[in-house]
C-alpha cells in the first residue's frame, strides 16, 4: 500500500493504517503524506519507511512507484486527504494501473465523482470507499435479515448521527480537522452532511437495500462566521414507498459519535447503535424482543456476519475492526484479481464507486433542497 495524506497530526490516516495492517494482508511500503514535502519526509521517518519511498507529492509517488519492478512497487494507494484532494490522486493512480481505496465522501463535487467513475469503469481496476460502518458484523446481519423479508415490507427508516465537537468555534486554533471541514474550498458544499450525513445515508441504503428518491432538508450553519452546514434535519422518501428521517449534527453538545439506525417493517423493527455495535435489537409484533450478538451461535447468524467476526463471543469488536473489514475485503479481492481468480463473494462486500456517487448526490441534493422553497426535492444523480 502507498498512502496519500495522513501525515503527522492527521487523525484518519492513522486509523486507515491500523485497519490496513490488522489482518496481515497489507504492508505500507511508501507514501506522500503531506502537500508539504518536508512534512511528508518527517511522517515517513516516523513510520520507519526508507527515505527513497517517501515522496513529496502523490504525482512523484505514482510515477516513481510505477517505474519499480513488479513485485517491488506498491499495488494500490489509500487516499486519506481532505475532500478536494480525493479525485486527483485517485484518477492518476487508476490511469497508471494502481487500484484505489479512498476515504469518503468520494469527491469534492458530483461532477468530479462522475468523472472518476468513468476512469474506474475504463480501467476495470478495483476501487473501494471507506464507509466503514458497513463493516460491522451486526450491520451485515441486519441487512441480510431485511433482504430475506424477515421484517416484512419496510415502511419507515430513522437514522441519526449526532456529534458535538463543533459546538464551539475551534477551527481558528490548532484543530486541523475542524479547519478544513468548515472550509468550502476544501470540504465542498457541506460540512455536516458531507462528513457524517453521508455515513447516515449510506447506512440507511446499505441496510435496507432501498434508495432515496425524494427529500426535504433543513440545513443550518450554526457557529459564527461559518458558511457550511453544521446541522441538518431531512425527511426522506424511498423507492418502495417507505418514509424516513435523517438527522446529522456536529453541534449536538455533549454527543460523541452516536450513529444509530431504526428500521420498521410490517412484521417488526430493527435497532443498531454504533456506540454499542455488538448488539442488534429486533422487536416483533407477536414475539419477545431478540438481541443478536456476534460470535455466539452460528445457527442464527448469517454467513456475512460470521465472515466479518474475528474473535469469540464476549470479546468486543468495534470501529477499528469494522474499518479493517473494508481493507481486508479490498485486499483479498485485489489479490484474487491479480492472480486471475474470482474473488470470494464475501470479500466483494465493500462500498464501491457507485456508493460514492450516491453519497455525493445525497450531499448536493440535500444542500439544494435546503435552499429550495419546494417541500419535496427530487433526488437526482
Residues located in the stretch 98-111, provided they are over 18 Å from the mean Cα position of the chain (by Cα) and under 22 Å from residue 49 (Cβ atoms):
98
Do any strands (runs of 3 or more DSSP E) lying entirely in the stretch 244-325 carry at least 2 residues that are within 30 Å of residue 220 (Cβ to Cβ), and which ones are they?
260-265, 268-273, 276-284
Go through the stretch 11-37 and give me each residue that's touching a residue at least 40 places away in the same chain (Cβ under 8 Å) and either over 22 Å from residue 88 (Cβ atoms) or part of a helix (DSSP H, G or I) (or both).
11, 12, 13, 15, 16, 18, 19, 20, 22, 23, 25, 26
Given the criteria surrounded by 23 or more Cβ atoms within 10 Å (Cβ to Cβ) and assigned to a loop (DSSP other than H, G, I, E, B), does residue 166 qualify?
yes
Pairs, first within 19 Å of residue 228 (Cβ to Cβ) in the stretch 368-381, second part of a strand (DSSP E or B), C-beta under 6 Å, six or more apart:
369/215; 369/217; 369/377; 370/217; 370/219; 377/215
Which is closer than 26 Å to residue 142 by Cβ, surrounded by fewer than 21 Cβ atoms within 10 Å (Cβ to Cβ) and without any contact (Cβ under 8 Å) to a residue 24 or more places away in the chain, of 233, 240?
233
Residues located in the stretch 319-346, provided they are closer than 28 Å to residue 212 by Cβ, surrounded by fewer than 19 Cβ atoms within 10 Å (Cβ to Cβ) and more than 15 Å from the chain's Cα centre (by Cα):
345, 346
I'd like to verify a number: residues in the stretch 215-248 that are touching a helix residue (DSSP H, G or I) at 6+ places or on another chain (Cβ under 7 Å) and closer than 16 Å to residue 187 by Cβ, how many?
8
So residue 273, is it in the same structural domain as residue 207 (by TED's automatic domain parsing), under 23 Å from residue 139 (Cβ atoms) and surrounded by fewer than 16 Cβ atoms within 10 Å (Cβ to Cβ)
no
Taking residue 329 as meeting all but one of (1) within 30 Å of residue 127 (Cα to Cα); (2) outside any helix (DSSP H, G or I), write down the number of the exception.
(2)
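The values are calculated or read from the model by the stated rules, or taken from the named source; none is laboratory data. Everything numeric here is computed off the predicted structure, so don't read it as measured data. Glycine also receives a Cβ, built like all others from the backbone with ideal geometry; neighbour counts cover every protein chain displayed.
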